[in-house]
1. Given labels modelled 7 Å from the Cα in the Cβ direction, how far is it in nm from residue 24 to residue 49?
2. Let me understand segment 4-140 better: what is its radius of gyration from the alpha carbons, and its Dmax, in angstrom?
3. Ignoring ligands, DNA and RNA, please state the percent of accessible area on segment 4-140 from carbon and sulfur, probe 1.4 Å.
4. Pulled fully out, how much extra length does the chain show between residue 8 and residue 112, if you take 0.36 nm times their separation in residues and subtract their Cα-Cα distance?
5. Dipole size in debye (nearest 20) for segment 17-108 around its Cα centre, Lys and Arg Cβ +1, Asp and Glu Cβ -1?
6. Whats the longest run of the chain with zero trypsin sites (Lys or Arg not before Pro) that are DSSP loop and have at most 15 other Cβ atoms within 10 Å?
7. Taking the simple approach of a point 7 Å from Cα along Cα-to-Cβ for both residue 84 and residue 33, what is their distance in nm?
8. Suppose only helical runs count, i.e. DSSP H with n ≥ 4. What mean residue ellipticity at 222 nm does that imply for the chain under -39500 (n - 2.57) per run, divided by all residues and rounded to the nearest 500 deg cm²/dmol?
Amino acid sequence: MNSYSHRHSDINDCRFIDLKTIGHSNGRLTVMENLAVAPFCVRRVYYLYDLPAGAERGGHSHLETIELVVALAGSFDVVVDDGHNVKRISLNNPAKGLLLPAGIWRTLDNFSSGSICLVLASEKYAEDDYVREYSEFKKLTAEKE
Ligand code: TYD
């Protein structure tokens with residue numbers, strides 16, 4: 001892990017972005033265009049589904065990767081932690097994306113049955129972009145001014 005490039009983010013930087021949505025009586029369509037919605041270019045998309053009751057995902061921070069999280073179906077919570085403050089954010093609207101800057105410890109839980117969590121990421125997958133030990137994360141964020 002490259003601790004020198006760990007970002008110092010604030011939980012208040014974790015914010016909802018309204019996604020362009022076209023709705024009418026035949027249903028709704030939501031669109032995400034590169035750079036038009038989130039402040040990063042999308043290099044990777046993944047999604048979580050088939051989540052059993054009580055599942056907990058995440059439990060890490062990223063050194064560089066910025067993510068946009070969308071509850072495509074159902075609902076779940078994202079608990080965000082900047083090393084100093086913690087906030088629980090509920091997602092249940094496919095027309096809103098939650099922006100997670102780098103340097104935020106995140107845990108996803110409280111998944112409703114059949115929920116789908118879509119994630120758009122600014123970087124390709126790289127294990128060395130992860131901080132997976134909470135004690136390491138606390139050390140990195142303790143250096144915050
Ligand atoms: P992880 O990011 O820890 O999952 P979550 O945060 O949803 O709990 O990844 C779980 C596993 O999947 C881990 O072995 C890494 C692998 N993985 C990839 O290979 N590519 C990816 O883009 C992601 C997100 C994970």
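The values are calculated or read from the model by the stated rules, or taken from the named source; none is laboratory data. Since this is a predicted model, take the numbers as computed values, not measurements. Positions of Cβ are generated from backbone atoms using ideal geometry, with glycine treated the same way; all protein chains shown enter the neighbour counts. The area values use the complete protein model at the heavy-atom level, side chains included, leaving out ligands, DNA and RNA. Shrake-Rupley method; radii C 1.70, N 1.55, O 1.52, S 1.80 Å.
1. Taking the simple label geometry, residue 24 and residue 49 are separated by 2.7 nm.
2. 14.9, 52
3. Numbers: 3590 of 7460 Å².
Carbon plus sulfur share of accessible area: 48 percent.
4. Details: separation 104, 0.36 × 104 = 37.44 nm, distance 3.14 nm.
So the chain would gain 34.3 nm between residue 8 and residue 112.
5. Working: 9 positive and 9 negative charges, 40 e Å.
Magnitude of the dipole: close to 200 debye.
6. Values: sites that count: 43, 124, 132, 144.
Excluding the exposed sites themselves, the longest stretch runs over 44-123.
7. Label at residue 84, label at residue 33, 3.8 nm between them.
8. Numbers: 1 runs with 9 residues, N = 145.
Value at 222 nm, helices only, nearest 500: -2000 deg cm²/dmol.
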